[in-house]
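These notes concern the structure reproduced below.
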Ligand SMILES: [Zn+2]
């Protein structure tokens, strides 16, 4: 009882000194655990299916829009190397988005999948950064829902960022960039391919093609952010 009173008082003091703020617009919010104000929350959540995914993918789903949604959080996670505190806050915000996003459609997607496979970084970049942010974003969320993550793909070509390239150039750069790791088997499996951002779909499509040519039965895509509408 005493402990409870103390904790409530402590929370009140912390909230007074460090009032909880929205992770996107920085407005005050009522509950710290919400992390977003109602306005941003409504804008961020945009669970949707791409109407025309590339032919190698059976379905592609996104959780937020990129520009009006999770861009600032993803950029902080990707490029703030060294600023650990920022990374941790952004990661918590992203994980909160995933929790808020769960609905029938996403649950159905997870139920149709046997295993989740992150789009891999090249080992040069992975060791530079020390982690693959795709695994950081989705790992916990998927493991509490019983879907294992397996790193069965590897990036054999160290492609630079594709931002500035057009669709054709992207395709040329990404061609032959991925491979299934020796000894890993995807035969007959229904795979949920994971990435953080989906723009033209070139990267995911190439991964899906490799998985299919190694016998995968289905390849679905799930990305945190896309502006495909
Ligand atoms: Zn806000």
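Summary of values
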{"read-out": "All helices (runs of 4 or more DSSP H) inside segment 132-216 with 1 or more residues being in contact with a strand residue (DSSP E or B) (Cβ under 8 Å, 6 or more places away or on another chain) and within 20 Å of residue 101 (Cβ to Cβ)", "value": "133-143, 202-213"}
{"read-out": "Residue check, residue 23 within 16 Å of the ligand (Cβ to nearest atom), touching a strand residue (DSSP E or B) at 6+ places or on another chain (Cβ under 8 Å) and part of a loop (DSSP other than H, G, I, E, B)", "value": "no"}
{"read-out": "Number of positions in segment 39-70 that are in a loop (DSSP other than H, G, I, E, B), away from the ligand (no atom under 16 Å from the Cβ) and within 16 Å of residue 197 (Cα to Cα)", "value": "4"}
{"read-out": "Selection status of residue 58, free of Cβ contacts under 8 Å to residues at least 24 places away in the same chain, in contact with a strand residue (DSSP E or B) (Cβ under 7 Å, 6 or more places away or on another chain) and surrounded by fewer than 20 Cβ atoms within 10 Å (Cβ to Cβ)", "value": "no"}
{"read-out": "Residue in segment 9-18 that is within 15 Å of the ligand (Cβ to nearest atom), free of Cβ contacts under 8 Å to residues at least 60 places away in the same chain, part of a loop (DSSP other than H, G, I, E, B) and more than 30 Å from residue 217 (Cα to Cα) present", "value": "no"}
{"read-out": "Residue count for segment 19-44, restricted to those that are touching a residue at least 40 places away in the same chain (Cβ under 8 Å) and in contact with a helix residue (DSSP H, G or I) (Cβ under 6 Å, 6 or more places away or on another chain)", "value": "4"}
{"read-out": "Meets criteria (away from the ligand (no atom under 15 Å from the Cβ), assigned to a helix (DSSP H, G or I), out of contact with any strand residue (DSSP E or B) (no Cβ under 9 Å at 6 or more places or on another chain) and at pLDDT 90 or above) for residue 99", "value": "yes"}
{"read-out": "Condition check for residue 74: buried (at least 20 other Cβ atoms within 10 Å of the Cβ) and away from the ligand (no atom under 16 Å from the Cβ)", "value": "yes"}
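The values are calculated or read from the model by the stated rules, or taken from the named source; none is laboratory data. None of these values were measured; they are calculated from a predicted model. Cβ: placed from backbone, ideal geometry, glycine included. Neighbour counts: every protein chain shown.
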